[in-house]
1. Compute the distance in nm between two label points, each set 7 Å from the Cα along the Cα-to-Cβ direction, one at LEU91 and one at ASP56.
2. Arrange the peptides 73-84, 113-124, 45-56 so that the one whose residues have, on average, the most other Cβ atoms within 10 Å appears first.
3. Counting other beta carbons within 10 Å of each residue's own, what order do VAL100, VAL108 fall into, fewest first?
4. Compute the relative contact order of the range 21-152 as a whole-number percentage, counting only Cα pairs closer than 8 Å that sit 6 or more residues apart in sequence.
Amino acid sequence: MFRLMSVVVALTLSALSGLPALADGIGVHDAYAVTSRPGAPTGAAFMVIHNHGGPDDRLIGVQSSIAARTELHSHLEADGMMQMVELTDGLPLPKDGRIVLASGGDHVMFIGLTDALTDGQVIELTLIFAVAGEVTISVPVDLARLGRPAEPDAMTDHDHGDAGSGG
C-alpha cells in the first residue's frame, strides 16, 4: 500500500510540473489573439492582467515563438492620425491593480508571423514582469472577436479563468 501511495504522489507531482506556473499574485483573464485577415503578417493579443495582492510590478516584455518579433504596443494620436508605437518602458502593474490590453489601446503585437493564425488555435505567450519574472500562458485565437471593444469593467475574477485554463 505504501508503494502504491508513493507512485501516486510521484505521478501527481510529475503531472503538476507540466502545468503553466503563475507567479504569486499574477492572474491573466480573458486572453485571446486575432489577426486582421487570413494570411496577415501581423497579429495581436488582448487580455486583462491582475496583480492579486503581490508587490507593485511592471510588465516589461513579451515573447512568443509564433512571430519574428513580439512586442508591447499602444495606439497614440499624432497630428490627427492614430499611430502604433512600441512601449519600450513596459506597463505598470500596481498591487491590487490591473493592466487592460484591448483593441485600440495597449496590446501585444506579433510582427512577422511564422504561420497564419487560425480560429481555435492555441498559442503560447510569455509575459515578462520586473518582479514576478516570466509567466507563460496559453492564448486561444478567436477571430470572431476582431474589432469588438473590450469591456474591462465587466471582467471579474469570478467570471473569467486564470491563465492556463484556456483564457
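1. If labels sit at LEU91 and ASP56, their model points lie 1.8 nm apart.
2. 45-56, 113-124, 73-84
3. Least to most surrounded, the residues fall as VAL100, VAL108.
4. 33
Laboratory data are not the source of any read-out in this text; all were calculated from the coordinates shown. Predicted model, so just to flag it, every value in this text is computed and none were measured. All Cβ positions, even for glycine, are placed from backbone atoms using ideal geometry, and neighbour counts span all protein chains on display.
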